[in-house]
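J.: Okay, handing you the structure first.
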Amino acid sequence: QAIAFFEEFLNENPYSLDGWFNLRIACNTMGLYEKAVEAYDYCIAIEPAFASAYFNKANSQANMDLYKEAITTYLETFDHEEPEALTLYYIGECYEKLEDYHQAIAYYEQAIQSEGQLTDAYIGLGMAHDQLGNFRLASKFISHAISADPQNPEYHYFMGDLLRKNGQLDQA
């Protein structure tokens, strides 16, 4: 219903930045990522310096497994705002999905430098180092995330899986 409402609203108000942005939210919620990207493009056409439109467009692209495009779009946000830890983390995640673990590590490290307690970035570092065969570093970063957020069961699962893969079944 929200999509229909905003589409009708935009027929009467085609230059409404808020209308396009809210249409995008509704499209993302419904998993209509291509339509969301189109709505973000309208936001950007109306207000080229609207950093949130670039960030959210990149999220939609990543949801469609368009990781290279998402990286480019995430980087465009930095033309309009200072780099934020979450954006740097998402760029790292895209590189990880592309199996470019060295680039992923570089962006995860930047995210941590920007905001030291972004525990998902520590998990990303651990996962990337695991893929590169660096068990000690992987273990160190996943342990750090667990220390920072001990109630997160996913972090414990990652550690257990890492230990299992490295033959430490009792600890796993």
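The values are calculated or read from the model by the stated rules, or taken from the named source; none is laboratory data. This is a predicted model, so every value here is computed, not measured. Because the Cβ atoms are built from the backbone with ideal geometry, glycine has one as well, and the counts that use them run over all protein chains shown. Side chains are part of the model used for accessible areas, which takes the heavy atoms of the whole protein and leaves out ligands, DNA and RNA. Shrake-Rupley method; radii C 1.70, N 1.55, O 1.52, S 1.80 Å.
J.: Could you state the accessible area per residue of the stretch 1-124 in Å², with a 1.4 Å probe and every protein chain left in place?
T.: 54 Å²
J.: Mean separation of Cα pairs under 8 Å and 6+ residues apart, divided by the residue count of the stretch 29-172: what relative contact order is that in percent?
T.: Answer for the stretch 29-172 is 13 percent.
J.: Only helical DSSP H runs with n ≥ 4 go in: add -39500 (n - 2.57) per run for the chain, normalise by residue count and round the 222 nm mean residue ellipticity to 500 deg cm²/dmol.
T.: One gets -23500 deg cm²/dmol as the mean residue ellipticity at 222 nm.
J.: Moving on to the next point. Sorted by accessible area (1.4 Å probe), largest first, how do 33, 15, 40, 122 line up?
T.: Values: 33 60, 15 185, 40 0, 122 30 Å².
Sorted descending by solvent-accessible area, the residues read 15, 33, 122, 40.
J.: Probe radius 1.4 Å, ligands and nucleic acids left out: which of 72, 77 has the largest accessible area, and how do the rest follow?
T.: Working: 72 80, 77 0 Å².
Ranked from most to least accessible, the order is 72, 77.
J.: Between residue 7 and residue 115, what is the FRET efficiency for a Förster distance of 25 Å, r being their Cβ-Cβ separation, to the nearest 0.05?
T.: That gives a FRET efficiency of 0.10.
J.: Quick one: net charge around residue 103, please, counting Lys, Arg +1 and Asp, Glu -1 for every other residue with C-beta under 12 Å from its C-beta.
T.: -3
J.: For the stretch 94-162 and the stretch 7-58, what is the centre-to-centre distance using only Cα atoms, to the nearest Å?
T.: What the calculation gives is 32 Å, centre to centre.
J.: What per residue convex hull volume, in Å³, do the alpha-carbon atoms of the stretch 28-126 yield?
T.: For the stretch 28-126, the hull spanned by Cα atoms encloses 90 Å³ per residue.
J.: Another question about this same structure. Residue 57: which lysines have alpha carbons under 21 Å from its alpha carbon, excluding same-chain residues fewer than 8 sequence positions away?
T.: 35, 68, 97
J.: Calculated from the structure, percent of Cα pairs over 21 Å apart equals which of [x] 55; [y] 68; [z] 51?
T.: The value matching this structure is [x].
J.: Just to be sure I understand: with springs between alpha-carbon atoms less than 10 Å apart, which residue in 151, 103, 117 has the highest mean-square fluctuation in the Gaussian network model of the chain?
T.: 151
J.: Relative to the present Cα-Cα distance, how much length would full extension add between residue 80 and residue 172 at 0.36 nm per residue of separation?
T.: Stretched out fully, the residue 80 to residue 172 stretch lengthens by 28.6 nm.
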